[in-house]
Amino acid sequence: MQTAVGVFGGEGYADGIDAPPLMVANAGNSNHAAISSLNSPPFIAVELCREHLGVHPCDKRRSITEYKSLFPAIDFSLIESNDDILWTADVREANEEVAKRGMKFVNWLWTRKEKEIAVVTHSGFLYHTLSAFGNDCHPSIKSEICTHFANCELRSMVIVDRSMIGSDVPTTNYPGKIPSGLDLPSDVAAEKHPKQGASQ
């Protein structure tokens, strides 16, 4: 949540602003000033969108009551339990279980009316979730989808539910084939510098 607020939050929060802060000052011992929710997109906490569950104490979440006091403008209404009932001290969630949970999350995303949604989560969750996609794509596309994320890496993706084709879907449906035409910027670079482009 600190990462999401840091990336998408507004300017510094000041008393007297007619909106709750996204994050209070020094949340989680961050030594960071409070961050305003003014002019920020809505923030929704989703329980499915978490790192591997179990064994490692760092993967256990705090109570929602505590989070609400640290992140007053984040919507926690979709989380059913105040305490973390998913994390267990003696059983680590299998990679396949993470992927299954990730697909439940993607199915929830498809219920949203927004056309653009930023998902801020852990790299392991994204890696296992996205590994379920791209099996019908060119191997280079599948490889790119299934690459581990670097710390704080941002990626833009379009995920299309093909069962929805013919309904109200955006025109960015990518059928999994390599598009024709220039592969910018590499093809442009090859045209401008033919000797360098030919040697690669």
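Filter the helices (runs of 4 or more DSSP H) completely within region 58-169 down to those with at least 1 residues that are surrounded by 11 or more Cβ atoms within 10 Å (Cβ to Cβ), over 16 Å from the mean Cα position of the chain (by Cα) and not polar (S, T, N, Q).
On the way: elements: 64-70, 95-110, 123-130, 139-145.
Here the list reads 64-70, 95-110, 139-145.
Based on what the data block shows, is Asn107 in contact (Cβ under 8 Å) with a residue 12 or more places away in the chain, of a type in the set (S, T, N, Q) and at negative phi?
For Asn107, the condition - in contact (Cβ under 8 Å) with a residue 12 or more places away in the chain, of a type in the set (S, T, N, Q) and at negative phi - is not met.
Is it fair to say Thr3 is open to solvent by 50 Å² or more (accessible area, probe 1.4 Å), of a type outside the set (A, V, I, L, M, F, W, C) and either outside any loop (DSSP other than H, G, I, E, B) or in contact with a Phe, Trp or Tyr (Cβ under 9 Å, 6 or more places away or on another chain) (or both)?
Here the answer is yes, as Thr3 does meet what is asked.
Give region 46-70 a look and list any residue that's aliphatic (A, V, I, L, M) and either within 27 Å of Ala33 (Cβ to Cβ) or touching a strand residue (DSSP E or B) at 6+ places or on another chain (Cβ under 7 Å) (or both), or say none.
Hits for region 46-70 are Val46, Ile64, Leu70.
Find all pairs meeting these conditions: Cβ atoms under 6 angstrom apart; at least six residues apart or on different chains; first residue within region 27-56 and farther than 12 Å from Gly10 by Cα; second residue open to solvent by 40 Å² or more (accessible area, probe 1.4 Å) and of a type in the set (D, E, K, R).
The qualifying pairs are Ile44/Asp75; Leu48/Lys104; Gly54/Arg92; Val55/Arg92.
Does Ser40 qualify as being open to solvent by 70 Å² or more (accessible area, probe 1.4 Å), part of a loop (DSSP other than H, G, I, E, B) and of a type in the set (Gly, Ala, Ser)?
No.
Can you tell me how many residues within region 44-68 are over 12 Å from Met1 (Cα atoms) and hydrophobic (A, V, I, L, M, F, W, C)?
So the count comes out to 5.
Show the residue pairs that are 6+ apart or on different chains and have beta-carbon atoms under 6 Å apart, the first residue being within region 66-89 and touching a residue at least 12 places away in the same chain (Cβ under 8 Å), the second being in a loop (DSSP other than H, G, I, E, B) and loosely packed, with under 13 Cβ neighbours inside 10 Å.
Asn82/Ser63; Asp83/Ser63
The values are calculated or read from the model by the stated rules, or taken from the named source; none is laboratory data. Because the structure is predicted, anything quoted here is derived from the model rather than measured. Cβ atoms come from the backbone with ideal geometry, glycine included; neighbour counts cover every protein chain shown. Just the protein is used for accessible areas: all its heavy atoms, side chains included, with ligands, DNA and RNA removed. Shrake-Rupley method; radii C 1.70, N 1.55, O 1.52, S 1.80 Å.
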